[in-house]
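K.L.:
What follows is a structure written as structure tokens; I'll ask about it next.
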Amino acid sequence: MGSWLPLQPPGIVGVVSAPRLPGGKPKCDWCPREPGCWGKLMWHSAVPFCRRKKGRSWQKAKAFAAGSITMAPQGLPPSRMALLEMLLGLLMASCFTFCLSHQNPEFALTSPGKSRTKEVERKETTAEEELDSEILEVFHPTHEWQALRPGQGVPAGSHVRLNLQTGAREVKLQEEDKFRSNLKGLKKGRRLDINTNTYTSQDLKSALAKFKEGAEVESSKEDKARQAKVKRLFRPIEELKKDFEELNVVIETDMQIMVRLINKFNSSSSSLEEKIAALFDLEYYVHQMDNAQDLLSFGGLQVVINGLNSTEPLVKEYAAFVLGAAFSSNPKVQVEAIEGGALQKLLVILATEQPLPAKKKVLFALCSLLRHFPYAQQQFLKLGGLQVLRSLVQAKGTEVLAVRVVTLLYDLVTEKMFAEEEAELTREASPEKLQQYRQVHLLPSLREQGWCEITARLLALPEHDAREKVLQTLGALLATCRNRYRQDPQLSRTLVSLQAEYQALATLELQDGEDEGYFRELLGSIDSLLKELR
């Protein structure tokens, strides 16, 4: 079968009357290529088609179809042709009118969603225009509640409420007392020369300027009054200096005071009491880190270190007291002290016969110098510091010093342990400082010099505080002294005895309502030691 090709643009309706060839076949006179075809009218599109039996395309027929159709009116009377032409004209006119009325961008292919959106926007714009026109209507309230219609403007000062039953807004005039209060506010506004009926931008600017001026005036008055009050309470430093000069009193800074005290201590004309008083006062100032470092600037620290060589025990005692305060958590002073020979002098005093108070102060200075200073700890071991401390602990009547020595050893062991662990975990420690700690071979030296047995003997001290410190040191030395602890039967008996004693004390604490008491902690330390030594 052949295909149907349009011979006429859409919208044009015609009746095809094809001519006939000899033999009775119809002929399409507007289709010159194929005589064997006939016209056909497609009523659903009102377009005539010409069907051909052979051939692939028919450009001439299509091009010809773009023009008007010329048909031979054969076989119809004139009246019938006139009627058909009139119907054709009416149909063409109606189609033309229909096309003009639908020349809208929103035709059938437009997205229905977009057309709906535009329609909604058009409605909203219309509603806003209607609302704008309604805003011009001003509502005149009375003393009774009246419903407010949408779009009505409410005068200033009206009382508006929302009726929850009806959902409508209601308006009325304010009461007389409220009106009077508002009137007072309006009168206050006139004090700033503000027109309360209309507020322009210039009026607001002038009002703010006057407000700021008033605030500045009030604040300046308050500041002046406050300053006058302060002046009455305090006096200038210049006047105080003049008054003190008249009284032979001089105001000195901390630096000036320390210089004066050092000069007084170092003076050969000063008596023993004056030197001791100067050292006692100096100890108060060097507790501050800045003052201790200032002591280095004028050579005061070396003067105090040299005081350790004095033949007077009191001078040694108070000189060590000043040094211990200056060394505490002050690395700069610690370095200067090591370079100045303070460590050797302190060990000499501890190794010789000296009064117990002097040795206490010297041991305090030694502890302050060694803590958090690995280089000083290394020098301490090289100078035989452990032997000096062992002799001090084994001497009679030095139990108080023994507890302090054990505490120092515990601090040094745990300090090195924590420094190495922190360096492994964080990787942020100073490599130089870590290397210095690794050069301090403290635990092997303690084991070699018999500190495992010395520490175990100190567990027999009667004071609970001393026992606590000894138990802590035993726990710190456990990894190094485990075998020696197991071979010491006296230590096992002492631990069992202390376990029974503190078990009873912990029971009493529990009866008093102390779940985590002091004796219970000591009992836990003893139990853990016994468990490790079994």
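The values are calculated or read from the model by the stated rules, or taken from the named source; none is laboratory data. Keep in mind that this is a model prediction, so the values were computed, not measured. FYI the Cβ positions are ideal-geometry reconstructions off the backbone, even for glycines, and counts take in every protein chain you see.
K.L.:
Among Asn291, Asn266, which is the only one that is in contact with a helix residue (DSSP H, G or I) (Cβ under 6 Å, 6 or more places away or on another chain), within 14 Å of Tyr318 (Cα to Cα), in contact (Cβ under 8 Å) with a residue 12 or more places away in the chain and not hydrophobic (A, V, I, L, M, F, W, C)? Walk me through it before giving the result.
P.N.:
Details: Asn291 fails: within 14 Å of Tyr318 (Cα to Cα).
Going through Asn291, Asn266 in turn, the sole match is Asn266.
K.L.:
Then there is this: Has the range 478-495 got at least one residue that is modelled with pLDDT under 95 and outside any helix (DSSP H, G or I)?
P.N.:
yes
K.L.:
Name the residues in the range 262-286 that are assigned to a loop (DSSP other than H, G, I, E, B) and either outside the structural domain of Ala337 (by TED's automatic domain parsing) or surrounded by 13 or more Cβ atoms within 10 Å (Cβ to Cβ) (or both), would you?
P.N.:
From the range 262-286, those assigned to a loop (DSSP other than H, G, I, E, B) are 267-271; that's our starting set.
Once the filter is applied, which keeps residues that are assigned to a loop (DSSP other than H, G, I, E, B) and either outside the structural domain of Ala337 (by TED's automatic domain parsing) or surrounded by 13 or more Cβ atoms within 10 Å (Cβ to Cβ) (or both), the range 262-286 yields only Ser270.
K.L.:
A further question follows. Please work out which one of (1) buried (at least 19 other Cβ atoms within 10 Å of the Cβ); (2) part of a loop (DSSP other than H, G, I, E, B) is the condition Arg404 fails and give its number.
P.N.:
Answer for Arg404: the failing condition is (2).
K.L.:
Which pairs have Cβ atoms under 6 Å, sit 6 or more apart or on different chains, and link a residue in the range 432-450 that is among the aromatic types (Phe, Trp, Tyr) to one that is surrounded by 13 or more Cβ atoms within 10 Å (Cβ to Cβ)?
P.N.:
Between residues of the range 432-450 that are among the aromatic types (Phe, Trp, Tyr) and residues that are surrounded by 13 or more Cβ atoms within 10 Å (Cβ to Cβ), the close pairs are Tyr437/Pro374; Tyr437/Lys416; Tyr437/Ala419.
K.L.:
Is the range 326-338 home to any residue that is of a type outside the set (Lys, Arg) and more than 45 Å from the chain's Cα centre (by Cα)? It would help to see each step written out before you state the result.
P.N.:
Filtering the range 326-338 for residues of a type outside the set (Lys, Arg) gives 326-331, 333-338.
The next check asks that each one be more than 45 Å from the chain's Cα centre (by Cα); those that pass are none.
Within the range 326-338 (the criterion being of a type outside the set (Lys, Arg) and more than 45 Å from the chain's Cα centre (by Cα)), the answer is no, since none of the residues qualifies.
K.L.:
For the structure I just gave you, tell me whether Glu273 is without any contact (Cβ under 8 Å) to a residue 12 or more places away in the chain and under 21 Å from Phe373 (Cα atoms). Break it down stepwise before answering.
P.N.:
Values: without any contact (Cβ under 8 Å) to a residue 12 or more places away in the chain: yes; under 21 Å from Phe373 (Cα atoms): no.
Considered against the rule, which asks whether it is without any contact (Cβ under 8 Å) to a residue 12 or more places away in the chain and under 21 Å from Phe373 (Cα atoms), Glu273 comes out as no.
K.L.:
For the range 463-488, enumerate the residues that are surrounded by 17 or more Cβ atoms within 10 Å (Cβ to Cβ) and farther than 20 Å from Pro444 by Cα.
P.N.:
Ala466, Arg467, Lys469
K.L.:
Filter the range 489-531 down to the residues that are small (Gly, Ala, Ser) and loosely packed, with under 13 Cβ neighbours inside 10 Å and list them by number.
P.N.:
Start the filter on the range 489-531 by keeping residues that are small (Gly, Ala, Ser), which leaves 492, 497, 500, 504, 506, 513, 517, 524-525, 528.
Once the filter is applied, which keeps residues that are small (Gly, Ala, Ser) and loosely packed, with under 13 Cβ neighbours inside 10 Å, the range 489-531 yields Ala500, Ala504, Gly513.
Residues checked against (1) within 17 Å of Ser328 (Cβ to Cβ); (2) outside any helix (DSSP H, G or I); (3) among the aliphatic types (A, V, I, L, M):
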{"position": "Leu347", "(1), (2), (3)": "no, no, yes"}
{"position": "Leu350", "(1), (2), (3)": "no, no, yes"}
{"position": "Glu353", "(1), (2), (3)": "no, yes, no"}
{"position": "Leu381", "(1), (2), (3)": "no, no, yes"}
{"position": "Ser391", "(1), (2), (3)": "no, no, no"}
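K.L.:
Kindly indicate whether any position in the range 237-260 is of a type outside the set (Gly, Ala, Ser), part of a helix (DSSP H, G or I), in the same structural domain as Pro357 (by TED's automatic domain parsing) and in contact with a Lys or Arg (Cβ under 9 Å, 6 or more places away or on another chain).
P.N.:
The answer is no, given that none of the residues of the range 237-260 is of a type outside the set (Gly, Ala, Ser), part of a helix (DSSP H, G or I), in the same structural domain as Pro357 (by TED's automatic domain parsing) and in contact with a Lys or Arg (Cβ under 9 Å, 6 or more places away or on another chain).
Table: residues versus (1) without any contact (Cβ under 8 Å) to a residue 12 or more places away in the chain; (2) surrounded by 18 or more Cβ atoms within 10 Å (Cβ to Cβ); (3) under 26 Å from Asp411 (Cα atoms).
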residue	(1), (2), (3)
Glu312	no, no, no
Ala325	no, yes, yes
Ser328	no, yes, yes
Pro331	no, no, yes
Gly341	no, no, yes
Thr352	yes, no, yes
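The rows are residues; the columns are (1) surrounded by 17 or more Cβ atoms within 10 Å (Cβ to Cβ); (2) closer than 20 Å to Arg484 by Cβ; (3) in the same structural domain as Leu366 (by TED's automatic domain parsing).
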site: Glu422; (1), (2), (3): no, no, yes
site: Pro431; (1), (2), (3): no, no, yes
site: Arg447; (1), (2), (3): no, yes, yes
site: Thr455; (1), (2), (3): yes, yes, yes
site: Leu458; (1), (2), (3): yes, yes, yes
